[in-house]
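The values are calculated or read from the model by the stated rules, or taken from the named source; none is laboratory data. The shown structure was predicted, so the numbers you read here are calculated from the model rather than taken from an experiment. Here Cβ is always computed from backbone atoms with ideal geometry, including for glycine, and neighbour counts include all displayed protein chains. In case anyone asks, the SASA skips ligands and DNA or RNA and just uses the protein heavy atoms, side chains included. Shrake-Rupley method; radii C 1.70, N 1.55, O 1.52, S 1.80 Å.
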Amino acid sequence: MANMSLNKVPMPEQDPGERITNFKEVALGYTEEMAKEEATRCLNCKNRPCVSGCPVNVRIPDFIAQVAAGNFEEAYQIISTTNCLPAVCGRVCTQESQCESRCVRGVKGESVGIGRLERFVADYHMAHAETVQSNVAKNGHRVAVIGSGPSGLTCAGDLARLGYEVTVFEAFHKAGGVLVYGIPEFRLPKSIVQKEVENLESLGVEVRTNFVIGKTLTVDEIFAEGYEAIFIGSGAGLPSFMGIEGESLIGVYSANEYLTRVNLMKAYSNKYDTPIRNSQAVAVVGGGNVAMDAARTAKRLGAKKVYIVYRRSEDEMPARAEEVHHAKEEGIEFMCLNNPVRILGTEGSEVRAIEVVSMTLGEPDASGRRKPVAIPDSNHEIEVDTVVMAIGTSPNPLIRNTTDGLDATSRGCLVADEKMATSRPGVFAGGDIVTGAATVILAMGAGKTAATSIDAYIKEKNQ
Ligand code: FAD
Ligand code: SF4
Ligand code: SF4
């Protein structure tokens, strides 16, 4: 008999007052009892609408049935046939717009907590299972993967399982892409990403860090070394700025730089000498997940006042509802319908304030969202000593500029077909480098498709 509660079993969380003093994970995860209780809310629907909402088609009702029966390792085996990063997805997937948005329980009440259950199962597996060395026989064919974000890791994992010798080339000193340098520890502990990377290494994947393709080696040189195909999953890590006065003042960061200093270079810890501003008042410009992460990070670094400055209303914010909720609980102040016009500095060229203009919403624009329109003579200043720009990113042009035959869009994204094949034979691409800044699960879906296409390409070439 299904549990007909309208609400998900609540997720235990660190108290907001406590958590703004540390970088530990906010959501603490279900216990076994909580997981079983939530799993009994699933109706095991015959037509499985939730599965079609998942870009990697996790067999959701099947794994949830195993959780309900207390067979947690079996549940893990089901998830891991289609998803190689379940502990990550269970934490950061935009479930509310993917699998959970299709759940029939969401019609009246809250959907089944698919992401929470996936996280529970993955954590259970990590806590109980030994790392097993791969016994897949190598097929003698080599593939190179550029970038170790979710698209690259997924592509590498799938190819390794098919017997390919895979080398991942990563520019940073740590593998994981945005999962390690962007998304903060309090949302996604880095030890989890590290374990997922170790799992891949146990499959025989070689990860070469501090390796910038386009500088250390070019795409042509990779082919010359004997790799038969290349997957480019180098993301969209080039930050955008508004182009307003004052952006070169001391105390203005891109969100990428700010978060990288804290996440990857541990600026929050006294044990590391990474410099970061001792801010008292911070304005974060933007309304997406990146803006929420930067604002919540600034709070944890000790800023007394942290503002989200966003030019549309809260209804249009692209950030996940859960992140907005957490940010508000932590005391972040939302200054919606405000658009920065310039950043003001002290005589020593440090930030002292941000000048914004109030906005109102007009007719819908090309994106379908109502267009923000400035209200005349409504300029006002917000006193801050730090400004973090979180208004978007685009792909770094390095690989495109050092490789012949790669078509790109006017926004600098690589062009790839539905099989993730680029305009250059043998070169495949996927994730943010193709779509522009998107989501972890879409990047993983692209990595998966590319692995299948690369396998077919190499088989055909060697016939
Ligand atoms: P990336 O994760 O960007 O990885 C690309 C990798 O390639 C990087 O490690 C980079 O160093 C490496 N690289 C780049 N150029 C080279 C080169 N020339 N040579 C070698 N290596 C190179 N998505 C969600 O679904 N949920 C969230 O909650 C969420 N929060 C986010 C928070 C932040 C702060 C950010 C920045 C993004 C967030 N996203 C979120 C988006 C998500 O992380 C990305 O869409 C996803 O990581 C894209 O994966 P990818 O594999 O395409 O690239
Ligand atoms: Fe949902 Fe993401 Fe898991 Fe798919 S991978 S079932 S979208 S949480
Ligand atoms: Fe279970 Fe919801 Fe999927 Fe139905 S739609 S099988 S209730 S998770």
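Which whole-number value in Å³ per residue fits the convex hull of the alpha carbons of the chain? Show your work: numbers first, answer last.
Working: hull volume 75.0 nm³, N = 463.
In the chain, the Cα hull volume divided by residue count equals 162 Å³.
Pull out the extension gain between K215 and L43, defined as 0.36 nm times the separation in residues minus the alpha carbon to alpha carbon distance; nm, one decimal.
Values: separation 172, 0.36 × 172 = 61.92 nm, distance 5.32 nm.
Stretched out fully, the K215 to L43 stretch lengthens by 56.6 nm.
By its C-alpha gyration tensor, with a ≥ b ≥ c as the square roots of the eigenvalues, how is the range 118-243 shaped: rounded for a/c under 1.5, else prolate for a/b larger than b/c, else oblate?
Working: a/c = 2.47, a/b = 1.05, b/c = 2.34.
Oblate, because a/c is 1.5 or more while a/b does not exceed b/c.
Please work out how many pairs of lysine residues in the range 206-343 are eight or more positions apart (or on different chains) and have Cα atoms closer than 17 angstrom. Can you show the working numbers first?
Values: K266/K299; K299/K328; K304/K328; K305/K328.
Lysine pairs meeting the criterion: 4.
Using only the alpha-carbon atoms of the range 178-283, report the extent along each of the three principal axes, biggest first, to the nearest angstrom.
52, 33, 23
Between S134 and E18, what FRET efficiency follows from the Cβ-Cβ distance if R0 is 35 Å, with the result rounded to 0.05? Mind showing how you got there, number by number?
On the way: r = 41 Å, r/R0 = 1.18.
After rounding to 0.05, the efficiency reads 0.25.
Please sort 167-174, 386-393 by packing, taking for each peptide the average over its residues of neighbouring beta carbons within 10 angstrom, highest first. Could you put the intermediate results ahead of the total?
Values: 167-174: 20.5, 386-393: 24.0.
Top to bottom by mean Cβ count within 10 Å: 386-393, 167-174.
Run the numbers for Q463 and L361: contour at 0.36 nm per residue of separation, minus the present Cα-Cα distance, in nm.
In short, 30.8 nm is gained.
Please list 3J(HN,Hα) in residue order for the range 95-108, calculated via the Karplus relation 6.51 cos²θ - 1.76 cosθ + 1.60 where θ = phi - 60°; whole Hz, with x for glycine and proline.
Per-residue couplings from phi come out as 4, 4, 9, 10, 3, 5, 5, 9, 6, 5, 5, x, 5, 10 Hz.
Long-range amide H contacts for V306: which residues qualify at under 5 Å (H placed 1.01 Å from N, peptide plane, sequence gap of 5 or more or a different chain)?
V282, E333
Suppose a student asked you for the relative contact order of the range 60-125, using Cα pairs under 8 Å spaced at least 6 residues apart; what percent would you report?
On the way: 70 pairs, mean separation 24.9, N = 66.
Averaging sequence separation for qualifying contacts and normalising by length gives 38 percent for the range 60-125.
Using Cα pairs closer than 8 Å and at least 6 residues apart in sequence, work out the relative contact order for the range 152-238, in percent. Don't skip to the answer; put the middle values down first.
Values: 81 pairs, mean separation 34.5, N = 87.
That works out to 40 percent.
Give a residue-ordered list of calculated ³J(HN,Hα) values for the range 407-414 (Karplus: 6.51 cos²θ - 1.76 cosθ + 1.60, θ = phi - 60°; whole Hz; x for Gly, Pro).
6, 9, 7, 5, 8, x, 7, 6
Once ligands and nucleic acids are excluded and a 1.4 Å probe is used, how much of V415 is accessible, expressed in Å² to the nearest 10?
Answer for V415: close to 60 Å² accessible.
List the residues whose amide H sits under 5 Å from the amide H of S254, counting only those 5 or more places along or on another chain, with H placed 1.01 Å from N in the peptide plane.
M389
Measuring from label point to label point, each 7 Å out along Cα→Cβ, what is the N379 to L344 span in nm?
Between N379 and L344, the label points sit 1.0 nm apart.
Using a Förster distance of 56 Å, how high is the FRET efficiency between T452 and T31, based on the Cβ-Cβ distance and rounded to 0.05?
Details: r = 38 Å, r/R0 = 0.67.
Given R0 = 56 Å and the Cβ-Cβ separation, E is 0.90.
Can you list residues from other chains, or at least 5 along the same chain, whose modelled amide H is less than 5 Å from the amide H of V341?
When sequence neighbours closer than 5 places are left aside, the close amide H contacts are E355, V356, V357.
Counting pairs of alpha carbon atoms under 8 Å apart in space and at least six apart in sequence, what relative contact order in percent does the chain give? Present the calculation step by step, with values, prior to reporting the outcome.
Numbers: 974 pairs, mean separation 71.3, N = 463.
In percent, rounded to a whole number, it is 15.
Run through the DSSP bridge list for the chain and note the antiparallel percent, rounded to the nearest 5.
Numbers: 20 of 54 bridges.
Antiparallel bridges: around 35 percent, rounded to the nearest 5.
Along its three principal axes, how long is the range 313-455 when you only count alpha carbons? Whole Å, largest extent first please.
For the range 313-455, the Cα spread along each principal axis is 57, 36, 33 Å.
Okay, helix-only estimate at 222 nm for the chain: each DSSP H run of n ≥ 4 adds -39500 (n - 2.57), divide by all residues, round to 500 deg cm²/dmol; what do you get?
Working: 17 runs with 151 residues, N = 463.
Taken over the chain, the calculation gives -9000 deg cm²/dmol.
In the range 1-66, what GluC sites (Glu not before Pro) fall in a loop by DSSP, with at most 11 other Cβ atoms inside 10 Å? Can you show the working numbers first?
On the way: sites: E13, E18, E25, E32, E33, E37, E38; in loops: E25.
When the GluC sites (Glu not before Pro) of the range 1-66 are filtered for loop state and at most 11 Cβ neighbours within 10 Å, nothing remains.
Beta carbons within 10 angstrom, averaged per residue: use that to sort the peptides 267-275, 302-310, 370-378, highest first.
Details: 267-275: 11.7, 302-310: 21.6, 370-378: 13.2.
Order by mean packing, descending: 302-310, 370-378, 267-275.
Work out which helices of the chain, taken as complete DSSP H runs, extend at least 27 Å along their axis over the Cα atoms and score a mean Kyte-Doolittle of 0.5 or more, then list them.
Values: long enough: 440-461 (31 Å, 0.43).
Result, helices passing both filters: zero.
Ranked from highest to lowest mean number of other Cβ atoms within 10 Å per residue, what is the order of the peptides 178-187, 74-83? It would help to have the intermediate numbers written out before the result.
Values: 178-187: 22.2, 74-83: 20.3.
Packing proxy ranking, top to bottom: 178-187, 74-83.
Roll a 1.4 Å probe over the protein chains and send me the accessible area per residue for the chain in Å². Write down the numbers at each step before the final one.
On the way: 20280 Å² over 463 residues.
On a per-residue basis, the chain sits at 44 Å².
What is the gain in length, in nm to one decimal, between D417 and K108 on full extension, counting 0.36 nm per residue of separation less the C-alpha to C-alpha distance? Write down the numbers at each step before the final one.
On the way: separation 309, 0.36 × 309 = 111.24 nm, distance 3.88 nm.
In short, 107.4 nm is gained.
Report the paramagnetic label zone for M335: residues of the range 281-306 whose backbone N is under 13 Å from a point 7 Å from Cα along the Cα-to-Cβ axis.
Within reach of a label on M335, which here means backbone N under 13 Å from a point 7 Å along Cα→Cβ, the range 281-306 contributes 281-286, 305-306.
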